[in-house]
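Report on one structure; see the data block that follows.
FYI, it's all coordinate maths here, none of it is from the lab. These numbers come from a predicted model, not from an experiment. Cβ sites come from the backbone with ideal geometry, for glycine too, and all protein chains shown count toward neighbours.
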Ligand SMILES: [Zn+2]
């Protein structure tokens, strides 16, 4: 039992805090309905989901009976129909984490235990809980530029990643689902997975792509989308580019001056220039 709970433990990024704002309570009903609608589930499907709060990461690990990385901010336990989140006192962050974990529960209710890749699980949870930020784009752009993109398959081990790789992994899974959603309805893909009872078959039936074809297309899309972002949109690149141009300009000017003085010296030798006159 404990082992299965641990296997289904799903953690999410954000950090530790204290007070949970009442404002969130009023938003929960609307969020639940929106998430259920996205998966074509009855509107009341999340009404019996238990929501618990932890003071810190240690309490989160204790309440979920599992390993929680130090960057974890919440956990969804589909077997217990429960989510647990760390109170941060930041209403917007708490709302995002809450919606993220509720999305995991709704997705697992929809698919009723059918195994799915972690990137799809996390990407869909991100897709339905928050917006794709400039920071997300910058992370992906630099990973593309320095060839540090993690494979979607490696996201199975995200709980063992350090925080920077975990942030990149979440941004990648989010982007993969955004790319998928450009030409597919996520709820329809989930309908197909549920009816075939297999992720690969359901994914292919809904998208006309094997999961491996999708991986290949997504990697190509990353280069197309994010390399121009690096070149045009990131100040760090612009400063690096400006420094290189400044250096090149300095080298060219130095070479030009050396040639000019060499020419003057040659002219002085050819014409037997004497020492300058003293006009004082
Ligand atoms: Zn998650």
How much length is gained if the chain between residue 43 and residue 227 is pulled fully straight, taking 0.36 nm per residue apart and subtracting their Cα-Cα distance, in nm to one decimal? 62.1 nm
What spacing in nm lies between the two simple spin-label points modelled at residue 259 and residue 29, each 7 Å away from Cα in the Cβ direction? 7.9
Using R₀ = 35 Å, calculate the FRET efficiency as 1/(1 + (r/R₀)^6) where r is the Cβ-Cβ separation of residue 151 and residue 249; round to 0.05. 0.25
Given a Förster radius of 30 Å and the C-beta distance between residue 216 and residue 62 as r, what FRET efficiency does 1/(1 + (r/R0)^6) yield to the nearest 0.05? 0.10
Rg/Rh of the range 30-104 (Cα atoms, Kirkwood Rh), to two decimals, equals 0.98
Just to be sure I understand the model, the point goes 7 Å from the Cα along the line to the Cβ. What's the resulting residue 55 to residue 269 distance in nm? 8.5
For each of 55, 204, 147, count neighbouring Cβ atoms within 10 Å of the residue's Cβ, then give the residues from fewest to most. 147, 55, 204
For the pair residue 185 and residue 242, how long in nm is the line joining their label points, each one 7 Å along Cα→Cβ? 4.9
Name the shape class, rounded, prolate or oblate, that the alpha-carbon gyration tensor gives for the range 117-233, where a ≥ b ≥ c are the square roots of its eigenvalues, rounded holds for a/c under 1.5, and otherwise prolate holds if a/b is larger than b/c and oblate otherwise. prolate
